[in-house]
Amino acid sequence: MHVRRKLVAGNWKMNGSLGQLSELQPIAEAAKAAGGVDVAICPPFTLIAPAVTRSGGLMIGAQDCHAEESGAHTGATSAAMIKEAGGRMAIVGHSERRAEQQESDAAVRAKAQRALRHGLVTIVCVGESAIDRAAGDHLPVVGRQVAESLPDGWEDGELVIAYEPIWAIGTGKVATAADIAEMHTAIRADLVRRYGDTGMRLRILYGGSVKADNAAEIFAVADVDGALVGGASLTAAQFVPIIEAASKS
């Protein structure tokens with residue numbers, strides 16, 4: 001039996017300020033008290049370095065990573081830069097970037113490969129739209145993203161998958177426990193077929209309007225190894241109960 005340690009990662013998106021970093025201390029204290037749970041915060045790039053100094057031991061990461069090592073890529077940030085700033089994680093392929101920046105599965109895969117080469121914990125996001133779900137295409141759509149967005153192998157970093165149904169991100173809507181179980185079971189099967197026993201060790205997170213009042217139910221679902229949390233990660237008051245729910249699951 002593979003025991004996978006829970007991971008609760010907060011994605012601040014384009015939110016946050018130096019003043020808001022005061023939220024990190026109580027989050028770090030809660031993480032230490034909970035035990036058995038890895039906790040991370042991914043603030044905007046400008047806050048990574050100051051967040052590291054005030055993290056209290058929390059893992060600090062980035063919300064994106066360029067696929068190239070360096071070069072003429074105005075406005076982009078490389079994995080090496082993230083690591084130099086103290087970041088230990090990178091999120092790639094979030095649906096908001098797939099939509100707003102037209103990121104393809106191939107682009108996401110290249111970013112993941114680069115981040116992993118630099119030893120970063122790399123969260124690759126996948127998820128279907130409301131249209132895909134209504135048409136009954138959610139399993140093949142996400143299956144294709146898993147197949148084409150994940151790298152074939154890695155040595156230094158840790159690969160994590162985050163299933164985030166697009167229709168549940170920031171909407172207040174949450175997939176049912178049955179919906180989550182169906183998708184996470186399918187993703188796990190895909191991972192095992194592709195990576196063998198390693199596929200059983202990879203963590204699969206759920207994301208999409210995760211909050212204190214639904215976290216325990218979500219974490220109780222088989223093959224849910226944590227959560228990628230958006231708005232509720234911005235304050236300790238909202239994020240700490242999710243960490244506590246993970247520690248009890």
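Since every read-out is calculated from the coordinates, none of them should be taken as a lab result. Quick caveat: nothing in here was measured; it's all calculated off a predicted structure. Glycine gets a Cβ as well: all are built from the backbone with ideal geometry, and neighbour counts include every protein chain shown.
What are the ³J(HN,Hα) values, in whole Hz, obtained from phi via the Karplus relation 6.51 cos²θ - 1.76 cosθ + 1.60 with θ = phi - 60°, for each residue of the range 233-249 in sequence order, with x given for Gly and Pro?
8, 6, 9, 4, 4, 8, 7, 4, x, 5, 4, 5, 5, 5, 5, 8, 8
Based only on other Cβ atoms within 10 Å, what is the fewest-to-most ordering of MET14, MET89, MET59?
Details: MET14 8, MET89 25, MET59 18.
Going from sparsest to densest Cβ surroundings: MET14, MET59, MET89.
Mind jotting down the three principal axis lengths of the range 129-186 based on Cα atoms? Whole angstrom, largest first.
37, 21, 19
Find out how many positive minus negative residues lie around GLU128, taking Lys and Arg as positive, Asp and Glu as negative, among other residues whose Cβ is under 14 Å from that of GLU128. Each step should come with its number before you reach the end.
Details: positive: ARG98, ARG133, ARG144, LYS173; negative: ASP105, ASP132, ASP137, GLU164, ASP179, GLU182.
The answer is -2.
Go through the range 164-173 residue by residue and turn each phi into a ³J(HN,Hα) via Karplus (6.51, -1.76, 1.60, θ = phi - 60°); whole Hz please, and just put x for glycine and proline.
Running phi through 6.51 cos²θ - 1.76 cosθ + 1.60 with θ = phi - 60° gives 10, x, 4, 5, 9, 7, x, 9, x, 7 Hz.
Provide, in order from the shortest bin, the percent of all Cα-Cα pairs of the range 1-122 in each 10 Å bin, continuing until the bin that contains the maximum pair distance.
13, 43, 33, 11, 1
Lys/Arg Cβ at +1, Asp/Glu Cβ at -1, dipole of the range 52-198 taken about the Cα centre: which of THR74, TRP167, ALA130 is farthest positive-ward?
THR74
Give the span of the range 132-249's Cα atoms along each principal axis, as three whole-Å numbers ordered largest to smallest.
39, 38, 22
To the nearest 20 Debye, how big is the dipole of the chain about its Cα centre, given +1 on the beta carbon of each Lys and Arg and -1 on that of each Asp and Glu? Show your work: numbers first, answer last.
On the way: 24 positive and 29 negative charges, 81 e Å.
The calculated dipole for the chain is roughly 400 debye.
With N denoting the number of residues in the chain, provide Rg(C-alpha) divided by 2.2 N^0.38 Å, to two decimal places.
Numbers: Rg = 16.7 Å, N = 249, 2.2 N^0.38 = 17.9 Å.
Compared with the compact-globule rule of thumb, the chain sits at 0.93.
With springs connecting C-alpha atoms under 10 Å apart, model the chain as a Gaussian network and identify which of ALA62, ALA177, ALA72 has the largest mean-square fluctuation.
Taking springs between Cα atoms under 10 Å, the residue moving most is ALA72.
How large is ³J(HN,Hα), in whole Hz, for each residue of the range 19-33 in order, when computed from phi with the Karplus curve 6.51 cos²θ - 1.76 cosθ + 1.60 and θ = phi - 60°, using x for Gly and Pro?
x, 6, 5, 5, 5, 5, 4, x, 5, 5, 5, 5, 5, 5, 5
How big, in percent, is the set of alpha carbon pairs in the range 102-167 lying more than 18 Å apart? Could the numbers behind the result be given before it?
Numbers: 801 of 2145 pairs.
Above the 18 Å cut-off, the range 102-167 has 37 percent of its Cα pairs.
Beyond 18 Å, what share of the Cα-Cα pairs of the range 64-197 is found? Please give it as a whole percent. Could the numbers behind the result be given before it?
Numbers: 4868 of 8911 pairs.
The proportion of pairs with Cα distances above 18 Å equals 55 percent.
For a quick check, take a GNM of the chain with Cα springs below 10 Å and name the residue from LYS13, LYS111, LYS211 with the largest mean-square fluctuation.
LYS13
What ranking of MET183, MET200 emerges when the number of other C-beta atoms within 10 Å of each C-beta is taken as an exposure proxy, fewest first? Working shown, then result.
Values: MET183 25, MET200 14.
Listed from fewest to most nearby Cβ atoms, that is MET200, MET183.
Taking K and R as +1 and D and E as -1, what net charge do the other residues with C-beta under 10 Å from the C-beta of TYR195 add up to? Kindly include the intermediate steps, with their values, before the conclusion.
Values: positive: ARG193, ARG194, ARG201; negative: ASP152, ASP190, ASP197.
Computed value for this residue: 0.
Near VAL174, within a Cβ-to-Cβ distance under 15 Å, what is the net charge of the other residues, with Lys and Arg +1 and Asp and Glu -1?
Values: positive: ARG133, LYS173, LYS211; negative: GLU128, GLU164, ASP179, GLU182, ASP213, GLU217.
So the surrounding residues net to -3.
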